[in-house]
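Notes for the one structure printed next.
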Amino acid sequence: MKIVLAPDSFKGTLSSAEVCRILREAFNQCLPEAEVTCLPMADGGEGTLAAIAGATGAEVRTVPVLDPLGREIQAKFALLPQNRGAFIEMAAANGLERLRDDERNPMIASTYGTGQLVRAALDAGATTLTIGIGGSATVDGGAGFAQALGCRLRDAAGRELPPGGGSLRRLARLDASSCDQRLRTAKIRVASDVTNPLLGPNGAAVVFGPQKGASPEDVDQLEDGLRHWAEAVIAAGLANDSDHPGDGAAGGLGFALRTLAGAEVVSGAHAIAEVVGLQSAIAAADLVVTGEGRTDFQTLFGKLPVVVAALSASAGTPCVLISGAIAGDQAPLRKHFAACFSTVPDVLPLAEVLRQAEINLFSCGCAVAGLADAISRRKGGS
């Protein structure tokens with residue numbers, strides 16, 4: 001029996017690679033004759049780089065970049081073994097993970113480091129880039145990204161603007177004449193499930209600014225700055241509008257990637273599935289096991305386990321869900337999964353659930369292995 005393990009992380013507890021390791025151990029012990037393939041998954045946010053490297057054997061490179069506040073750090077990107085591809089996780093350079101809670105300030109936080117990662121990937125020979133843009137600390141519309149790749153943002157006196165979304169209100173002109181031309185010749189995809197526009201009540205500043213440390217006054221200033229930025233990009237002949245779905249992702253980085261790099265926004269889970277070759281692995285499998293830390297009604301709206309289940313259904317391969325916790329009615333889930341398992345066996349304090357996470361996941365893996373074995377034997381005897 002061929003089994004593919006393709007879980008998301010159990011956020012706050014286990015990475016997707018750790019989930020794969022534990023489930024592989026469970027199958028090796030409880031169904032030793034099974035051939036198990038591990039493809040740790042992610043949706044384009046934090047942890048995606050590690051998942052892709054683990055699933056594909058990509059070469060991970062480390063380069064110096066600037067963090068959201070302009071401090072030099074070391075950040076990683078992956079060179080994929082096929083098609084001169086690269087994967088970049090913007091959170092590695094300019095994510096909230098790089099800041100303490102008291103350092104969050106989108107008025108001065110910049111995406112410059114993300115631009116440096118893109119430039120490093122291009123310098124390494126990559127011609128196809130997939131960029132995961134979840135977990136950002138910024139609301140600068142991707143202006144810092146543009147500056148890192150040669151664009152000049154000038155105020156009315158011709159002076160270069162300082163980094164951060166707060167300075168964009170003073171933007172008078174965008175000079176893109178020195179922008180790295182490789183942005184237009186490379187194929188760039190943005191892995192994101194965010195559909196917010198750049199501006200307005202559902203835009204980057206209003207929706208995401210407060211999550212990144214913006215006060216109500218900051219939100220108003222950031223919105224005004226993003227409007228100036230969009231007008232400058234349009235005036236430079238690089239865009240016709242700023243209301244495409246996904247323009248507001250990562251504090252407006254989605255807008256810069258679309259207009260300056262001609263990037264295509266794709267579902268994060270689908271993009272990562274394509275990068276790791278999930279569909280071909282599923283086509284050769286007898287059973288697929290996916291999972292996540294918590295499953296509820298939001299899972300049905302394109303989250304990774306449902307994407308894995310859809311790919312499995314198209315191949316005629318049953319897919320089983322293992323979740324840290326399943327909330328609400330399971331009936332809608334059973335339309336997508338052959339079976340659903342929760343790793344938490346009883347009502348327990350959170351600290352105890354986290355402490356027993358590996359043991360409970362292993363036990364759940366053994367239960368799935370037993371089910372798979374029973375089905376396999378029944379088929380063999382029919």
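The values are calculated or read from the model by the stated rules, or taken from the named source; none is laboratory data. All figures in this text were calculated on a predicted structure; none of them were measured in a lab. Cβ: placed from backbone, ideal geometry, glycine included. Neighbour counts: every protein chain shown.
I'm trying to understand the selection: among the residues of segment 1-43, which are among the charged types (D, E, K, R) and either in contact with a helix residue (DSSP H, G or I) (Cβ under 9 Å, 6 or more places away or on another chain) or more than 20 Å from GLY302 (Cβ to Cβ) (or both)? Break it down stepwise before answering.
Taking segment 1-43 as the starting set, the residues that turn out to be among the charged types (D, E, K, R) are 2, 8, 11, 18, 21, 24-25, 33, 35, 43.
Residues satisfying the conditions are LYS2, ASP8, GLU18, ARG21, ARG24, GLU25, GLU33, GLU35, ASP43.
What pairs come up if the first residue lies in segment 173-186 and is part of a loop (DSSP other than H, G, I, E, B), the second is buried (at least 19 other Cβ atoms within 10 Å of the Cβ), and their beta carbons are under 6 Å apart, counting only those six or more places apart or on different chains?
Cβ pairs passing all conditions: ALA176/CYS151; CYS179/LEU149; CYS179/CYS151; ASP180/LEU149; ALA186/LEU129.
May I ask you to say which residue of SER192, SER215 is assigned by TED's automatic domain parsing to the domain that holds THR114, of a type in the set (Ser, Thr, Tyr), at negative phi and modelled with pLDDT under 95? Give the derivation first.
Details: SER215 fails: modelled with pLDDT under 95.
Only one candidate passes the filter, namely SER192.
Of the residues that make up segment 289-298, is at least one assigned to a helix (DSSP H, G or I), closer than 19 Å to SER16 by Cα and touching a strand residue (DSSP E or B) at 6+ places or on another chain (Cβ under 8 Å)?
The answer is no; no qualifying residue exists.
Scan segment 256-270 for residues that are of a type in the set (A, V, I, L, M, F, W, C) and assigned to a helix (DSSP H, G or I) and report the count.
Narrowing segment 256-270 to residues of a type in the set (A, V, I, L, M, F, W, C): 256-257, 260-261, 263, 265-266, 269.
Next cut, assigned to a helix (DSSP H, G or I) only: 256-257, 260-261, 269.
Qualifying residue count for the region: 5.
Across segment 207-219, what is the number of residues that are over 12 Å from VAL139 (Cα atoms) and either touching a residue at least 24 places away in the same chain (Cβ under 8 Å) or assigned to a helix (DSSP H, G or I) (or both)?
Our first condition is that a residue be over 12 Å from VAL139 (Cα atoms); within segment 207-219, this holds for 215-217.
When the remaining residues are screened for being either touching a residue at least 24 places away in the same chain (Cβ under 8 Å) or assigned to a helix (DSSP H, G or I) (or both), the result is 216-217.
Looking only at that region, the number is 2.
If you go through segment 1-50 one residue at a time, how many are touching a strand residue (DSSP E or B) at 6+ places or on another chain (Cβ under 9 Å) and part of a helix (DSSP H, G or I)? Break it down into steps so the answer makes sense when it comes.
The initial filter retains those residues of segment 1-50 that are touching a strand residue (DSSP E or B) at 6+ places or on another chain (Cβ under 9 Å), namely 1-11, 16-24, 27-28, 31, 34-50.
Next, from what is left, pick out any that are part of a helix (DSSP H, G or I): 16-24, 27-28, 48-50.
Number satisfying all stated conditions: 14.
Of the residues ALA204, ALA230, ALA236, which is touching a residue at least 60 places away in the same chain (Cβ under 8 Å) and under 23 Å from the mean Cα position of the chain (by Cα)? Write out each step before concluding.
Working: ALA230 fails: under 23 Å from the mean Cα position of the chain (by Cα); ALA236 fails: under 23 Å from the mean Cα position of the chain (by Cα).
So the residue among ALA204, ALA230, ALA236 that is touching a residue at least 60 places away in the same chain (Cβ under 8 Å) and under 23 Å from the mean Cα position of the chain (by Cα) is ALA204.
Residue check: is GLY132 of a type in the set (Gly, Ala, Ser) and under 18 Å from the mean Cα position of the chain (by Cα)? Before the answer, list the steps.
Values: of a type in the set (Gly, Ala, Ser): yes; under 18 Å from the mean Cα position of the chain (by Cα): yes.
Here the answer is yes, as GLY132 does meet what is asked.
I'd like the residue in segment 132-145 that is among the aliphatic types (A, V, I, L, M) and modelled with pLDDT of 95 or more and, out of all such residues, is nearest to ALA51 (Cα to Cα). Show your work before the answer.
From segment 132-145, those among the aliphatic types (A, V, I, L, M) are 133, 137, 139, 143; that's our starting set.
Now narrow it down to the ones that are modelled with pLDDT of 95 or more: 137, 139, 143.
Numbers: ALA137: 22, VAL139: 26, ALA143: 28 Å.
Filtering first and then ranking leaves ALA137.
Could you please find all residues in segment 68-89 being over 17 Å from the mean Cα position of the chain (by Cα), assigned to a strand (DSSP E or B) and either closer than 22 Å to CYS20 by Cβ or of a type outside the set (D, E, K, R) (or both)? Can you show your working first?
First, pick out the residues of segment 68-89 that are over 17 Å from the mean Cα position of the chain (by Cα): 68-74, 81-84.
Cutting the leftovers down to assigned to a strand (DSSP E or B) gives us 72-74.
Selection gives ILE73, GLN74.
Counting only residues that are free of Cβ contacts under 8 Å to residues at least 60 places away in the same chain and either surrounded by fewer than 24 Cβ atoms within 10 Å (Cβ to Cβ) or not in a helix (DSSP H, G or I) (or both), how many does segment 129-147 have?
1
Among the residues of segment 37-55, which ones are surrounded by fewer than 24 Cβ atoms within 10 Å (Cβ to Cβ) and either without any contact (Cβ under 8 Å) to a residue 40 or more places away in the chain or within 17 Å of ARG24 (Cβ to Cβ) (or both)?
Passing the criteria: THR37, CYS38, ALA50, ALA53, GLY54.
Restricting to segment 99-116, count the residues that are in a helix (DSSP H, G or I) and either over 16 Å from the mean Cα position of the chain (by Cα) or not assigned by TED's automatic domain parsing to the domain that holds PHE255 (or both).
Quick first cut of segment 99-116, residues in a helix (DSSP H, G or I) only: 101-103, 112-116.
From what is left, the residues that are either over 16 Å from the mean Cα position of the chain (by Cα) or not assigned by TED's automatic domain parsing to the domain that holds PHE255 (or both) are 101-103, 112-113, 115-116.
Final tally of qualifying residues: 7.
Just one of (1) under 21 Å from the mean Cα position of the chain (by Cα); (2) surrounded by fewer than 21 Cβ atoms within 10 Å (Cβ to Cβ); (3) modelled with pLDDT of 95 or more trips up VAL65, so point out which.
(2)
Looking only at segment 285-298, which residues are surrounded by fewer than 23 Cβ atoms within 10 Å (Cβ to Cβ) and within 20 Å of ALA271 (Cβ to Cβ)?
Passing the criteria: only GLN298.
With a cut-off of at least 3 residues that are of a type in the set (Lys, Arg) and modelled with pLDDT under 90, name the helices (runs of 4 or more DSSP H) lying wholly within segment 307-382.
Numbers: elements: 331-334, 350-355, 357-381.
Output list reads 357-381.
Is one or more of the residues making up segment 244-255 outside any helix (DSSP H, G or I) and either free of Cβ contacts under 8 Å to residues at least 40 places away in the same chain or among the small types (Gly, Ala, Ser) (or both)?
First pass over segment 244-255, keeping only residues outside any helix (DSSP H, G or I): 244-248.
Imposing the further condition that a residue be either free of Cβ contacts under 8 Å to residues at least 40 places away in the same chain or among the small types (Gly, Ala, Ser) (or both) reduces the set to 246, 248.
Yes: one or more hits.
Across segment 240-276, what is the number of residues that are aliphatic (A, V, I, L, M) and more than 23 Å from THR128 (Cβ to Cβ)? Before the answer, list the steps.
The first filter runs over segment 240-276 and keeps only residues aliphatic (A, V, I, L, M), leaving 249-250, 253, 256-257, 260-261, 263, 265-266, 269, 271-273, 275-276.
Then drop every residue that is not more than 23 Å from THR128 (Cβ to Cβ), which leaves none.
The total comes to 0.
Could you check segment 70-91 and list, in sequence order, the residues that are of a type in the set (Gly, Ala, Ser), closer than 30 Å to GLY164 by Cβ and touching a strand residue (DSSP E or B) at 6+ places or on another chain (Cβ under 9 Å)? If you could, list the steps in order and put the result at the bottom.
Looking only at segment 70-91, we keep the residues that are of a type in the set (Gly, Ala, Ser), and these are 70, 75, 78, 85-86, 91.
Next, from what is left, pick out any that are closer than 30 Å to GLY164 by Cβ: 70, 75, 78, 86, 91.
Those that are of a type in the set (Gly, Ala, Ser), closer than 30 Å to GLY164 by Cβ and touching a strand residue (DSSP E or B) at 6+ places or on another chain (Cβ under 9 Å): ALA75, ALA78, ALA86, ALA91.
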